[in-house]
Amino acid sequence: MAFRATVLTLYPEMFPGPLGVSLAGRALERGDAVVETRQIRDFGRGRHRAVDDTPAGGGAGMVLRADVLADAIDAACDEGDLRPRLLMSPRGRPLTQDLVRELAAGEGALIVCGRFEGVDERIIEGRGLREVSIGDYVLSGGEIAAMVLLDAVIRLLPGVMGNDQSGLHESFETQRLEHPHYTRPAEWEGRTIPPVLTSGDHGAVERWRRAEAERITAERRPDLLARHGRGDSSA
Ligand code: ADE
């Protein structure tokens, strides 16, 4: 069964967007993954199909109504739909490669995209939503965050990546940032390629790459080394 994502949004026309091209686009074309959208406004209240209202207690902005979202969620899930239910939100648990891998191993996800100031808190508990953030900045809505999450998940689905090796060595799968890459020409604007890479000594290349990954990670993201311990190349 293909990975199936159901995205609840006020802007379904934003999808598949960038997921429609390149690696993810081909996965969608082949049917390895399905991304379907549901318009939250179809469940809005009154003549104007209102989906939001002013915050209880006063203040700026608008809040997505729990009853409207509940109807949208319930209509999108059959009974026995065991897919995780996510709410894209800057308040959420940070999206990590671990969570991406966990999602890619499952059947799919229901993804609620917030807008406005936020959603009525009661829907989070009432429908078991897991809040996920893609970083410490505020987007105007959850749609782009949902696309980021889906792009990361889709490329891990069986058969999608083509060259499975390229997944094994890349950043975060090894808990290290990537070593530098080079290709032809051998000299460009007076800059050359580190000689070890053209030496033909595969062992030396591997050691150089590990050392460079370690150095760049220590420089830019010492938190990754602290969290996961140092690799073999630290010896
Ligand atoms: N919606 C708005 N900002 C967001 C963020 N940083 N992550 C996920 N969803 C969001």
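The values are calculated or read from the model by the stated rules, or taken from the named source; none is laboratory data. From a predicted model like this one, the values you see are computed outputs, not experimental measurements. Positions of Cβ are backbone-derived with ideal geometry, glycine not excepted, and every protein chain shown enters the neighbour counts. Note: areas computed on protein heavy atoms with side chains; ligands, DNA, RNA excluded. Shrake-Rupley method; radii C 1.70, N 1.55, O 1.52, S 1.80 Å.
Annotations for the structure displayed:
- Some residue of segment 55-78 being outside any helix (DSSP H, G or I), out of contact with any strand residue (DSSP E or B) (no Cβ under 9 Å at 6 or more places or on another chain) and surrounded by 13 or more Cβ atoms within 10 Å (Cβ to Cβ): no
- Number of residues in segment 120-134 that are open to solvent by 20 Å² or more (accessible area, probe 1.4 Å), more than 19 Å from residue 83 (Cβ to Cβ) and within 15 Å of the ligand (Cβ to nearest atom): the value is 1.
- In segment 159-201, residue surrounded by the fewest Cβ atoms within 10 Å (Cβ to Cβ) [restricted to those that are at pLDDT 90 or above and not assigned by TED's automatic domain parsing to the domain that holds residue 219]: 159
- In the set (1) without any contact (Cβ under 8 Å) to a residue 60 or more places away in the chain; (2) under 17 Å from residue 139 (Cα atoms); (3) not hydroxyl-bearing (Ser, Thr, Tyr), the condition left unmet by residue 117 is number (1).
- Residue in segment 35-53 that is open to solvent by less than 10 Å² (accessible area, probe 1.4 Å), at pLDDT 95 or above, within 16 Å of the chain's Cα centre (by Cα) and among the β-branched types (Val, Ile, Thr) present: no
- Meets criteria (assigned by TED's automatic domain parsing to the domain that holds residue 125 and either in contact (Cβ under 8 Å) with a residue 40 or more places away in the chain or under 24 Å from residue 158 (Cβ atoms) (or both)) for residue 68: no
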